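The values are calculated or read from the model by the stated rules, or taken from the named source; none is laboratory data. Only a predicted model underlies this, so the values are computations on that prediction, with no experimental measurement involved. No Cβ is skipped: glycine too gets one built from the backbone with ideal geometry, and neighbour counts run over all protein chains shown. Ligands, DNA and RNA are excluded from the accessible area calculation, which covers all protein heavy atoms including side chains. Shrake-Rupley method; radii C 1.70, N 1.55, O 1.52, S 1.80 Å.
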Amino acid sequence: QVQLVESGGGLVQPGGSLRLSCVVPGRTFSGYVVCWFLQVPGKEREWLASIRSNGATYYADSVKGRFTISRDSTKITSFLQMSSLKPEDSAVYYCASGSVILSQITRSESYTTWGQGTQVTVSS
């Protein structure tokens, strides 16, 4: 089963930055929506951002202006550039992809392929 692979998580101080990466081994994201969610223990996954195949991007209000989702020109890797990080951003971050219509873009159930997650901890 195809699975996405995330990387780039770690420990960062408040106000710092991290860039997460997401790849699909042996395939591209061409034609698919790619997104990022976070999850803290005991809570539902929270949608952060999505990028459509045409390059259009969408963000949750909580990360707008701080996080940037992108995709390289080969459409093999998606990135989540995170800046001005806060302790409340600490979570496991997941990327996912799927054939998703715009009205469903924030719903985790809309995405069919997921990564294993990468831990981000924001702490001094």
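Computed quantities for the displayed model
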| read-out | value |
| --- | --- |
| Selection within the range 60-70 - of a type outside the set (Val, Ile, Thr) and open to solvent by 50 Å² or more (accessible area, probe 1.4 Å) | 61, 62, 64, 65 |
| Filter result (charged (D, E, K, R) and assigned to a loop (DSSP other than H, G, I, E, B)) within the range 79-124 | 86, 107 |
| When residues of the range 1-52 are limited to those that are hydroxyl-bearing (Ser, Thr, Tyr) and in contact with a Phe, Trp or Tyr (Cβ under 6 Å, 6 or more places away or on another chain), the one most open to solvent (accessible area, probe 1.4 Å) | 21 |
